[in-house]
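All remarks here apply to the structure that follows.
The values are calculated or read from the model by the stated rules, or taken from the named source; none is laboratory data. No experiment lies behind these values; they were computed from the predicted model shown. Cβ sites come from the backbone with ideal geometry, for glycine too, and all protein chains shown count toward neighbours. To get the accessible areas, we keep the full protein, side chains included, count just its heavy atoms, and leave off ligands, DNA and RNA. Shrake-Rupley method; radii C 1.70, N 1.55, O 1.52, S 1.80 Å.
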Amino acid sequence: MSSQALSAIPGDQALFSEALLLTLFGQDTINVNRAMVDITGNVLSAIWLTHVLDQMPVLKREGRGWAHPGNTAFTFDMTGQECEQTTGITRAQQATCRKQLAQAGLISEGGSGRGKTVRYTLHLDRLTARIKEITAPMQAALKQSYAADRNVRGVARK
């Protein structure tokens, strides 16, 4: 290698900055709505479930996922490695997430796909019910607020 080529190699600080940018922005961003933590019971399960919800169109398009009649559930195949690469959740942590989500009635595991692929069913009807359950207090508060506002307006008009 010529001395001219060697001088073209950036310094450690420049390489660190480039590596940092590639590491931070060269990977998928994980976005989780805070309400998902309330729905699932913990952050890791919220990440796992959010990942599945985000991947539903891809899984369907690839023939690895399909909706049940009436969209009450979605069955899909996914490997632990696939989930870990995207979310950073280790396989042991995934097992805990799946167990917690199954106990909550949100998913079930049934059989396996090809190789190390596991077949899951996400119970969308139960997820919807859980969402309604956690939003019920806010809905009641809004109803009360609107009723109070209506009463105040009615009194002001008289």
(message) Tell me the angle of helix 91-103 to the major Cα principal axis of the chain, expressed in degrees between 0 and 90 and rounded to the nearest ten.
(response) 10 degrees
(request) Leaving out ligands and nucleic acids, note down the accessible area per residue over the chain with a 1.4 angstrom probe, in whole Å². (result) 69 Å²
(message) Need one number: nm distance between label points at Arg34 and Thr121, each 7 Å from Cα along Cα→Cβ, rounded to one decimal.
(response) 3.5 nm
(message) I'd like the carbon and sulfur percentage of the solvent accessible area for the range 53-139, probe radius 1.4 Å, heavy atoms only, ligands and nucleic acids excluded.
(response) 51 percent
(request) Could you run the Karplus curve 6.51 cos²θ - 1.76 cosθ + 1.60 with θ = phi - 60° over the range 69-77 and give me ³J(HN,Hα) per residue in whole Hz, x for Gly and Pro? (result) x, x, 6, 7, 7, 9, 9, 8, 10
(request) Would you grab the residues whose amide H sits under 5 Å from the one on Thr79? Only those 5+ places off in sequence or on another chain, please, with H modelled 1.01 Å from N. (result) Val118
